[in-house]
Amino acid sequence: MSDTLIEVKDLEVRFPIRSKKLFKSETVELRAVDGVTFDIKRGETVGLVGESGSGKTTVGRAILRAIDPTAGEVIFHTRHEDVDVANLEGEALRAFRQHMNLVFKAGPVQLSSLTGDMLRLFRPRMSLVFQDPYSSLNPRMTVRDIIAEPLVASGMVTSREEVDVRVREIAGRCKLNLEHLRRFPHAFSGGQRQRICIARALVSRPDFVVCDESVSALDVSIQAEIINLLKDLQEEMGVAFLFIAHDLSVVAQISHRVAVLYVGKFVEYAPTEKLFFTPRHPYTHALLSAVPRADPDAAFDPIKLSGEIPNPLSAPSGCRFHTRCPLARERCSTDVPEWREIDEDHFVACHFAEEFDFSRVRSH
Ligand code: SF4
């Protein structure tokens with residue numbers, strides 16, 4: 001457990017939705033995330049894949065406390081040496097003194113219990129890189145001010161000289177020229193803008209960053225550049241990533257472990273090699289069958305799932321995948337499959353996972 005950074009236990013996020021019927025309106029509950037349990041280690045990248053509307057973004061934002069979870073726990077394991085006390089001033093230092101035993105003591109911090117100043121002080125340890133590098137940068141701010149904003153807002157660094165040192169340092173790591181810092185975002189290409197977004201996310205030296213479809217809007221060659229940059233930054237800074245994407249082949253390039261989400265529930269979670277070559281859940285198997293292989297002799301025969309992804313407002317009973325699963329049996333429509341470890345570090349939610357052999361031949 002010592003290298004565990006974040007533990008997520010039975011995380012639930014529900015949204016009340018108002019629906020209008022002929023003469024009356026009623027409030028129904030949308031279960032966007034329903035009982036998700038997993039952990040992320042220090043310096044690790046966990047890939048999170050699933051179809052649109054499966055709840056990937058909601059999982060990421062609930063961990064960051066950008067959305068308040070309805071139930072469950074998010075526990076962040078802290079270390080004394082991570083705290084940059086020397087740079088705390090004013091209100092931040094006062095709040096730190098007041099809450100240091102609770103917020104910054106080494107050991108587990110229950111994120112869902114933090115509010116107000118304590119949550120604000122904790123924020124620089126976690127960050128987010130958005131999908132769209134065009135709309136996520138303020139066109140009226142210089143690149144220097146965009147990158148500096150999280151540092152200034154957190155109150156951890158208040159002297160302009162110190163802010164400039166930190167901005168130049170992270171800009172260099174993200175392979176931005178120093179002269180870029182004086183320009184405005186419109187002067188940059190999509191790939192360069194995403195480097196600016198990454199520099200902004202990492203300037204406070206966080207332990208954990210959610211990359212929400214952060215390369216999906218980029219050309220393939222630029223995607224590869226950004227993925228390599230994220231890997232280099234992880235090696236240099238020891239940051240952990242939750243890498244959210246719908247494209248499994250992209251996730252495979254960067255992730256140490258991969259989780260598969262279906263209608264708000266995890267169906268499989270395993271180290272990348274295991275998940276790609278010995279998947280145990282029929283949904284993972286179907287997603288993988290649609291990924292083209294580098295080997296021209298490898299068979300490419302994608303499994304076509306019938307029907308649409310179910311609406312989370314009326315999620316199917318039993319196993320949520322039973323309405324589309326080609327291997328479903330009678331009990332699948334009534335019994336919810338247990339989330340269990342079937343092999344070392346390999347978790348799956350399927351009644352019959354041990355019976356299926358979806359092993360794929362390695363093409364390298
Ligand atoms: Fe398919 Fe049944 Fe397994 Fe669900 S529990 S994935 S429906 S076989």
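Approximating the spin labels as points 7 Å out from Cα along Cα→Cβ, the ARG120-to-GLU354 distance works out to 5.4 nm.
Taking Cα centre as origin and charging only the Cβ of basic (Lys, Arg, +1) and acidic (Asp, Glu, -1) residues, the dipole magnitude of the chain rounds to 1160 debye. One equal scatterer on each Cα of the chain, no solvent, Debye formula: the resulting log10 I(q)/I(0) at q = 0.08 Å⁻¹ is -0.44.
Which net charge results when you count Lys and Arg as +1 and Asp and Glu as -1 among the other residues whose beta-carbon is under 10 Å from that of ALA315? Let's see the in-between values first.
Values: positive: ARG31, LYS265, ARG320; negative: ASP34.
Summing Lys/Arg as +1 and Asp/Glu as -1 gives +2.
For region 272-354, rounded, prolate or oblate, judged on the Cα gyration tensor with a ≥ b ≥ c (square roots of eigenvalues), a/c < 1.5 rounded, else prolate if a/b > b/c? Cα axes put region 272-354 in the oblate bin.
Report note on the peptides 282-289, 239-246: ranked by the mean count of other C-beta atoms within 10 Å, highest first, their order is 239-246, 282-289. Here GLU162 and GLN110 are evaluated by their C-beta separation; at R0 = 41 Å the FRET efficiency comes out at 0.85. Highest GNM mean-square fluctuation among LEU202, LEU128, LEU114, for the chain modelled with Cα contacts below 10 Å: LEU114.
This model, with +1 at the C-beta of Lys and Arg and -1 at the C-beta of Asp and Glu, gives region 138-205 a dipole about its Cα centre of some 240 debye.
Anything over 18 Å Cα to Cα? Flag those among LYS9/LYS41; LYS41/LYS231; LYS175/LYS231; LYS56/LYS265; LYS41/LYS175, in the order listed.
Working: LYS9/LYS41 15 Å; LYS41/LYS231 15 Å; LYS175/LYS231 13 Å; LYS56/LYS265 10 Å; LYS41/LYS175 27 Å.
Pairs exceeding 18 Å: LYS41/LYS175.
Each Lys and Arg contributes +1 and each Asp and Glu -1, all at the Cβ; summed about the Cα centre of region 281-360, the dipole is approximately 480 debye. Estimated from helical segments only, the mean residue ellipticity of the chain at 222 nm is -9000 deg cm²/dmol, where each DSSP H run of four or more residues counts as -39500 (n - 2.57). Scanning the chain for long hydrophobic helices, with DSSP H runs required to stretch 15 angstrom or more by C-alpha along their axis and to average at least -0.5 on the Kyte-Doolittle scale, returns 90-103, 143-154, 190-202, 220-237.
Label positions at ARG14 and ASP145, each projected 7 Å from the Cα along the C-beta direction, are separated by 4.4 nm.
Among 158-164, 191-197, 4-10, what's the highest-first ranking by average C-beta atoms within 10 angstrom per residue? Intermediate values should be presented prior to the final figure.
On the way: 158-164: 13.0, 191-197: 22.9, 4-10: 17.6.
Order by mean packing, descending: 191-197, 4-10, 158-164.
Computed from the C-beta positions of TYR134 and ASN311, the FRET efficiency with R₀ = 25 Å rounds to 0.25. In this simple spin-label model, placing a label point 7 Å from the Cα along the Cα-to-Cβ direction at both LEU30 and SER333 gives a separation of 2.7 nm. Here the accessible area of region 138-205 is 50 percent carbon and sulfur, with a 1.4 angstrom probe and all protein chains present.
The values are calculated or read from the model by the stated rules, or taken from the named source; none is laboratory data. What you see is a predicted model; the values in this text were computed from it and never measured. As a convention, Cβ positions derive from the backbone with ideal geometry for all residues, glycine included, and neighbour counts pool all protein chains shown. Just the protein is used for accessible areas: all its heavy atoms, side chains included, with ligands, DNA and RNA removed. Shrake-Rupley method; radii C 1.70, N 1.55, O 1.52, S 1.80 Å.
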